[in-house]
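The values are calculated or read from the model by the stated rules, or taken from the named source; none is laboratory data. Everything numeric in this text was worked out from a predicted model, so none of it was measured. We place every Cβ from the backbone using ideal geometry, glycine too, and count neighbours over all the protein chains shown.
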Amino acid sequence: MQTQETNWDICLMKRRFALREMETRLNILNEEFKVMHQHNPIDHIVSRIKSQQAIEEKLRRKGFSVSEKLAERYIRDIAGLRIICSFTDDVYHISRLLEQQADLRLTQKKDYIENPKPNGYQSLHLIIEVPVNRTTISEMIQVEVQIRTMAMDVWASLEHKMYYKFRHDVPKYLQNNLKESAQILYELDEKMNTLKKEINMFHDLPSIRI
Ligand code: 0O2
């Protein structure tokens with residue numbers, strides 16, 4: 001019989017494989033797009049596996065007892081991938097391209113760009129099941145994919161730092177400033193998106209396509 005530690009190891013290993021699989025697919029999409037359309041929709045990708053300690057904390061927060069079986073079932077972001085794009089259109093484009101891949105299963109979509117969180121947080125969150133083929137077993141493994149623009153990313157990392165700096169009790173005026181900044185960044189993203197479209201209308205100048 002396997003020890004609990006071994007089960008956790010397997011749980012985390014499967015998710016590392018799922019992340020690699022997703023990253024390869026995304027790099028292919030990005031490279032092909034560059035060749036066909038002279039534009040990289042993805043600026044960069046960051047990925048992480050949640051630590052066992054963070055998974056256990058999240059399980060407790062959700063009112064579950066701690067086991068890797070419950071983690072596999074209820075913690076959908078053990079494997080997390082963040083895709084940073086230059087433009088809002090690219091965020092939705094990447095999402096559509098992933099949704100079209102026949103062997104991926106989209107099980108949840110939260111559009112915090114269309115409906116930002118009350119604090120101002122914006123991002124598109126997908127939970128995608130990815131096929132992982134191991135030596136003796138093939139399994140669908142969940143990956144949380146967050147897709148956002150650079151502006152949304154800068155905002156989210158500042159908010160994250162602030163949340164921890166003030167131990168989850170951010171003064172009201174800072175909360176208001178943050179929310180205001182999110183709105184300004186949203187407007188900036190919209191402007192940049194429109195500008196990009198206008199520039200790309202100059203079909204006779206493909207070398208400046210962005
Ligand atoms: P970390 O450290 O990034 O891993 P659910 O899984 O649907 O039951 P959950 O997990 O709250 O509920 O889902 P949601 O809303 O999709 O958020 C998951 C992740 O999105 C968070 O993971 C953050 O990474 C990010 N996120 C969500 N809301 C905010 C926010 O207000 N500010 C910032 N900066 N990030 C946010 P973790 O596990 O909380 O943290």
Inset, instruction - Run down Glu72, Glu139, Glu159, Glu99 and say which single residue is more than 14 Å from the ligand (Cβ to nearest atom) and not in a strand (DSSP E or B). - result: Glu99
Inset, instruction - Please verify whether the range 104-118 includes one or more residues that are touching a strand residue (DSSP E or B) at 6+ places or on another chain (Cβ under 8 Å), outside any helix (DSSP H, G or I) and more than 20 Å from His93 (Cα to Cα). - result: no
Legend entry - Options Asp111, Asp169, Asp153; residue that is surrounded by fewer than 19 Cβ atoms within 10 Å (Cβ to Cβ), within 11 Å of the ligand (Cβ to nearest atom) and among the charged types (D, E, K, R): Asp111
Legend entry - Search result, residues across the range 156-166 that are of a type in the set (Gly, Ala, Ser) and surrounded by fewer than 16 Cβ atoms within 10 Å (Cβ to Cβ): Ser157
Legend entry - Top-ranked residue of the range 51-69 - restricted to ones that are in a helix (DSSP H, G or I) and surrounded by 13 or more Cβ atoms within 10 Å (Cβ to Cβ), ranked as modelled with the lowest pLDDT: Glu68
Inset, instruction - Kindly indicate the residue of the range 127-136 that is assigned to a strand (DSSP E or B) and away from the ligand (no atom under 15 Å from the Cβ) and also farthest from Glu21 (Cα to Cα) among those meeting that condition. - result: Asn133
Legend entry - Residues being touching a Cys at 6+ places or on another chain (Cβ under 7 Å) and more than 19 Å from Ile45 (Cβ to Cβ) - total across the range 58-103: 3
Inset, instruction - Determine if the range 132-141 includes at least one residue that is crowded, with 16+ Cβ neighbours inside 10 Å, under 22 Å from Asn193 (Cα atoms) and at pLDDT 95 or above. - result: no
Legend entry - Residues satisfying the stated conditions in the range 17-58, i.e. in contact with a helix residue (DSSP H, G or I) (Cβ under 8 Å, 6 or more places away or on another chain), among the β-branched types (Val, Ile, Thr) and closer than 23 Å to Glu72 by Cα: Ile49, Ile55
Inset, instruction - Please state which one of Asp111, Asp90, Asp77, Asp103 is under 30 Å from Trp8 (Cβ atoms) and within 16 Å of the chain's Cα centre (by Cα). - result: Asp77
Inset, instruction - Please find, among Val145, Val91, the residue that is touching a Leu at 6+ places or on another chain (Cβ under 7 Å) and either modelled with pLDDT under 95 or more than 13 Å from the ligand (Cβ to nearest atom) (or both). - result: Val91
Legend entry - Residue in the range 28-50 that is loosely packed, with under 13 Cβ neighbours inside 10 Å, among the polar types (S, T, N, Q), more than 15 Å from the chain's Cα centre (by Cα) and on the phi < 0 side of the Ramachandran plot present: no
Inset, instruction - Report yes if Leu124 is closer than 23 Å to Leu195 by Cβ, crowded, with 17+ Cβ neighbours inside 10 Å, at pLDDT 95 or above and within 16 Å of the ligand (Cβ to nearest atom), otherwise no. - result: yes
